[in-house]
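Beneath this line is the structure, given in structure tokens, with notes to follow.
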């Protein structure tokens, strides 16, 4: 981690989620408690159905928790950027217009919105595609647009729900490097859900491993790999050792 103060900014306390199912309720998550420091990149791993995506949706205030609390120090309601498993772009809007959407909702002047969108386009490497429609983009390019859209309004917290899960293996690994570069540039506080041990270790400062449903924290692992990270780090002995710890916790 680079320059991260010791004082956390996000606090999750005894968080649980229970969904009505006509049979006493489906206990999907928790209780879980953890905190996140500013500029920290946290990955959440766990088996299918362990409540990973439910956790992100509660943090984004898209779902109410059944019990427990979430607080962000210094903000009654932090600005949140969210990238879903699919890019969810508006098909009739160009790359630039998709990115400016949050700024339009904030009523920013059009020229200011256009300038901020161009900064994001430069950051995610989509120069020359400003006027392209989503149908003309590859899966990786579409997710870059979704990431730029999530970042354009300068969020306090960036939530990523398996953003590369639908991509082929080679594109996905390329996007790890791109996301790492973008995070290095913007230094946002990030929580990312993934099923991939390699992805978690390549990107994160810490990894939380959840148990099977109801998801509880089984392991909180510090990823003490040097930054910036490149592809070669995945073949080091220490990377392999950390991967074994995560695999054992999941199994």
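The values are calculated or read from the model by the stated rules, or taken from the named source; none is laboratory data. Just so you know, these numbers come straight off a predicted model, no measurement behind them. Reconstructed Cβ throughout: ideal geometry from the backbone, glycine too, with neighbour counts over all protein chains shown.
Things worth noting here:
- Summed over region 194-212, the residues that are in a loop (DSSP other than H, G, I, E, B), within 16 Å of residue 49 (Cα to Cα) and in contact with a strand residue (DSSP E or B) (Cβ under 6 Å, 6 or more places away or on another chain) give a count of 2.
- Top-ranked residue in region 157-193 [being touching a strand residue (DSSP E or B) at 6+ places or on another chain (Cβ under 6 Å) and assigned to a loop (DSSP other than H, G, I, E, B); ranked as farthest from residue 119 (Cα to Cα)]: 162
- Any chance residue 15 is in a strand (DSSP E or B) and in contact with a helix residue (DSSP H, G or I) (Cβ under 9 Å, 6 or more places away or on another chain): yes
- Sole exception among (1) surrounded by fewer than 16 Cβ atoms within 10 Å (Cβ to Cβ); (2) part of a helix (DSSP H, G or I); (3) without any contact (Cβ under 8 Å) to a residue 60 or more places away in the chain for residue 228, by number: (2)
- Only one of the listed residues (198, 165) is touching a residue at least 40 places away in the same chain (Cβ under 8 Å), under 17 Å from the mean Cα position of the chain (by Cα) and not assigned by TED's automatic domain parsing to the domain that holds residue 249. That residue is 165.
- Among the residues of region 103-114, those that are surrounded by fewer than 13 Cβ atoms within 10 Å (Cβ to Cβ) and over 24 Å from the mean Cα position of the chain (by Cα) comprise 107, 109, 110, 111, 112.
- When each of 35, 69 is tested for being free of Cβ contacts under 8 Å to residues at least 60 places away in the same chain, assigned to a strand (DSSP E or B) and more than 26 Å from residue 246 (Cβ to Cβ), the lone residue that passes is 69.
- Among the residues of region 117-138, those that are surrounded by fewer than 19 Cβ atoms within 10 Å (Cβ to Cβ) and free of Cβ contacts under 8 Å to residues at least 40 places away in the same chain comprise 118, 119, 122, 127, 128, 129, 130, 131, 132, 136, 138.
- Members of region 11-24 that are in contact (Cβ under 8 Å) with a residue 24 or more places away in the chain and either outside the structural domain of residue 188 (by TED's automatic domain parsing) or surrounded by fewer than 21 Cβ atoms within 10 Å (Cβ to Cβ) (or both): 11, 13, 14, 16, 18
- Conditions (1) assigned by TED's automatic domain parsing to the domain that holds residue 208; (2) modelled with pLDDT of 90 or more; (3) not in a helix (DSSP H, G or I); number of the one not met by residue 54: (3)
- Matching option when the condition is touching a strand residue (DSSP E or B) at 6+ places or on another chain (Cβ under 6 Å) and touching a residue at least 40 places away in the same chain (Cβ under 8 Å), among 89, 63, 29: 29
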